[in-house]
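Peer 1: Please see the structure below; I have some questions.
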Amino acid sequence: RVAKKADYQAGTVIRYGYPRNHELLNSKTLTSYQFVLNKNTAKAQEYRDLIEQKKKLKKKAPERIAINKKINRIRDFFLDAEKELIQSAAFVATTASKATVDRAIYTQNFDVVIFDEASMAYIPQIVFAAGLAKKHFICMGDFCQLPAIVQNQSDDRLSKDIFEHVGITSAVNNHI
């Protein structure tokens, strides 16, 4: 929706990571991976050709080693290109999980970080995401929705959602 409303050229509004949304999956410009593939068509074709060659070989075939090395070099090329893309993008969308485990995200700082569906997140994830913001952090969600799944209910740090933690839930319940 942001890309449709924004007047940016392709590659400046990017979804980083694997989306579930079919419109994003089918887009050649909205996901970082598809954008990089479409900008490097010859390398993408070489990658597909190598995958097909590998499929035709037996598991213990010695040629697989050389093919795997080529495949890995191309994958590294695409990963580096994705990192460059998200560093130059005006708008990057990703998940909280991806942000906490992927250096391409967590080593950067962003002018604005918007955290949606906050009731589904653990407080440490939200605090971490806030630390990625240079200027503004916006945390939003519906505190009446299901909370994050917690298997150890005795651990108070994970069983409360951010709205309960900062007092919004009790303020609303007490009509404050």
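Peer 1: Can you tell me which condition Asn40 does not meet? The list is (1) at pLDDT 90 or above; (2) in contact with a Lys or Arg (Cβ under 6 Å, 6 or more places away or on another chain), and all the others hold.
Peer 2: Tallying (1) at pLDDT 90 or above; (2) in contact with a Lys or Arg (Cβ under 6 Å, 6 or more places away or on another chain), Asn40 fails exactly one: (2).
Peer 1: From the list Gln34, Gln108, pick out the single residue that is free of Cβ contacts under 8 Å to residues at least 12 places away in the same chain, within 30 Å of His136 (Cβ to Cβ) and open to solvent by less than 70 Å² (accessible area, probe 1.4 Å).
Peer 2: Gln34
Peer 1: Keeping to region 1-37, report how many residues are aromatic (Phe, Trp, Tyr) and modelled with pLDDT under 85.
Peer 2: Within region 1-37, residues that are aromatic (Phe, Trp, Tyr) and modelled with pLDDT under 85 number 1.
Peer 1: Return a yes/no flag: does region 54-70 have any residue that is open to solvent by less than 60 Å² (accessible area, probe 1.4 Å), within 14 Å of Ala93 (Cβ to Cβ), free of Cβ contacts under 8 Å to residues at least 40 places away in the same chain and assigned to a helix (DSSP H, G or I).
Peer 2: The answer is no, given that none of the residues of region 54-70 is open to solvent by less than 60 Å² (accessible area, probe 1.4 Å), within 14 Å of Ala93 (Cβ to Cβ), free of Cβ contacts under 8 Å to residues at least 40 places away in the same chain and assigned to a helix (DSSP H, G or I).
Peer 1: Given (1) in a helix (DSSP H, G or I); (2) under 23 Å from Ala3 (Cα atoms), identify the lone condition not met by Ile114.
Peer 2: So the condition that Ile114 fails would be (1).
Peer 1: Any residue at all in region 83-91 that is of a type in the set (Gly, Ala, Ser), exposed (fewer than 12 other Cβ atoms within 10 Å of the Cβ) and at pLDDT below 95?
Peer 2: Within region 83-91 (the criterion being of a type in the set (Gly, Ala, Ser), exposed (fewer than 12 other Cβ atoms within 10 Å of the Cβ) and at pLDDT below 95), the answer is yes, since at least one residue qualifies.
Peer 1: Go through region 121-147 residue by residue and tally those that are crowded, with 17+ Cβ neighbours inside 10 Å and either among the aliphatic types (A, V, I, L, M) or touching a Gly at 6+ places or on another chain (Cβ under 8 Å) (or both).
Peer 2: Summing the residues that are crowded, with 17+ Cβ neighbours inside 10 Å and either among the aliphatic types (A, V, I, L, M) or touching a Gly at 6+ places or on another chain (Cβ under 8 Å) (or both) in region 121-147 gives 5.
Peer 1: Let me ask something else about it. Could you tell me whether region 96-106 includes any residue that is more than 14 Å from the chain's Cα centre (by Cα), part of a helix (DSSP H, G or I), under 19 Å from Thr29 (Cα atoms) and at pLDDT 90 or above?
Peer 2: No, region 96-106 has no match at all.
Peer 1: Of the residues Asp7, Asp49, Asp80, only one is outside any helix (DSSP H, G or I) and of a type outside the set (Lys, Arg); which?
Peer 2: One residue alone meets the criteria, Asp7.
The values are calculated or read from the model by the stated rules, or taken from the named source; none is laboratory data. Everything quoted here is computed from the prediction, not taken from an experiment. A quick note on method: Cβ atoms are made from the backbone with ideal geometry, for glycine too, and the neighbour counts reach across all protein chains shown. These accessible areas exclude ligands, DNA and RNA; they are computed on the full protein's heavy atoms, side chains included. Shrake-Rupley method; radii C 1.70, N 1.55, O 1.52, S 1.80 Å.
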